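Below: the structure, in structure tokens.
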Amino acid sequence: MKNIPLFVFFLFILNVPVGYAFLGKVSSEQYSKCKKRAQNQLNEFSAKQIFRDCINSYKESNKQMSREEKVRIKELKKLEKAKEKYSKICFDNLFESFKDRMENTIYNHSFGDVNEIYSFIEQLNINKQSNADFVLSNHQRNLIDNNVRVEYNEITKFAIGKNIFYSIKYFREEFLKEFDQCILDKSESKSFLKFF
């Protein structure tokens, strides 16, 4: 007999429409968790209180997450806009350095006839069109891959060490970081100049 009011309360909770969760700004999963917490209480008063507190805490955390999400989306939009505006300038500034580092890396990982190594680097032809994302084209990768060996043979007169692709991956990651940093620096310097 003591539990009849509690039973009626839970019947009421179970019959609340699903749309309430969205109107109350809590997900259905959060709503269910609050119901389970309330069911563990001994009397109707504490069940209502626990349920109300639980819903309010979820609402607050959802509001906070919503604010953080808005800030994150705003930052991403700002970065995308800056990329559109400054990517060409940053790319042009960094590409020659990328090309030099790649050619030096291939030279340093190669062994055999020096003239053959230089000839191979020319044939590799690292350029802005083929390597627009600081990454080697499939053709360039295949050229390197075909010359990766332990020792050079009589036909090629040179060979490239096996760990070359680790270095290439590392340089690409470095240049992508430098590229992003360049874009951020350019956008921040422009926004700083707006104050003057």
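The values are calculated or read from the model by the stated rules, or taken from the named source; none is laboratory data. Being a predicted model, the structure only gives us computed values, none of them experimental. Every residue, glycine as well, gets a Cβ built from its backbone with ideal geometry; the counts of neighbours run over all protein chains shown.
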Only listed residue being surrounded by 12 or more Cβ atoms within 10 Å (Cβ to Cβ), free of Cβ contacts under 8 Å to residues at least 24 places away in the same chain and among the acidic types (Asp, Glu), chosen from Asp113, Asp100, Asp185
Asp185
Among the residues of the range 47-74, what is the count of those that are surrounded by 13 or more Cβ atoms within 10 Å (Cβ to Cβ) and at pLDDT 85 or above?
12
If you go through the range 177-187 one residue at a time, do you hit one that is within 16 Å of Lys99 (Cβ to Cβ) and touching a helix residue (DSSP H, G or I) at 6+ places or on another chain (Cβ under 8 Å)?
yes
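Can you find, within the range 46-100, the residue that is farthest from the chain's Cα centre (by Cα) among those that are among the small types (Gly, Ala, Ser) and under 16 Å from Lys177 (Cα atoms)?
So the first thing to find is which residues in the range 46-100 are among the small types (Gly, Ala, Ser), and the list is 46-47, 57, 61, 66, 82, 87, 97.
The next check asks that each one be under 16 Å from Lys177 (Cα atoms); those that pass are 82, 87, 97.
Working: Ala82: 17, Ser87: 18, Ser97: 25 Å.
Looking at the filtered set, the residue picked out is Ser97.
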Please identify the pairs in which a residue from the range 146-157 that is among the aliphatic types (A, V, I, L, M) has its Cβ atom under 6 Å from the Cβ atom of a residue that is surrounded by 10 or more Cβ atoms within 10 Å (Cβ to Cβ), counting only partners at least 6 apart or on another chain.
Val148/Ile160; Val148/Lys162
List the pairs whose first member sits in the range 22-50 and is closer than 18 Å to Lys63 by Cβ and assigned to a helix (DSSP H, G or I), whose second member is of a type outside the set (Phe, Trp, Tyr) and at pLDDT 85 or above, and whose Cβ atoms are under 6 Å apart, counting only residues at least 6 apart or on separate chains?
Cys34/Cys54; Cys34/Ile55
Tell me which residues, restricted to the range 106-116, are of a type in the set (A, V, I, L, M, F, W, C) and closer than 18 Å to Asn142 by Cβ.
Ile106
Hey, Asn125 modelled with pLDDT of 90 or more and either surrounded by fewer than 12 Cβ atoms within 10 Å (Cβ to Cβ) or over 30 Å from Lys85 (Cβ atoms) (or both) or not:
no
Quick one: is Tyr107 surrounded by 14 or more Cβ atoms within 10 Å (Cβ to Cβ), under 17 Å from Arg149 (Cβ atoms) and free of Cβ contacts under 8 Å to residues at least 40 places away in the same chain?
yes
Selection over the range 139-164 where residues are in a helix (DSSP H, G or I) and surrounded by 16 or more Cβ atoms within 10 Å (Cβ to Cβ) yields a count of 4
Please find, among Phe165, Phe98, Phe196, Phe192, the residue that is modelled with pLDDT of 85 or more and under 30 Å from Glu75 (Cα atoms).
Phe98
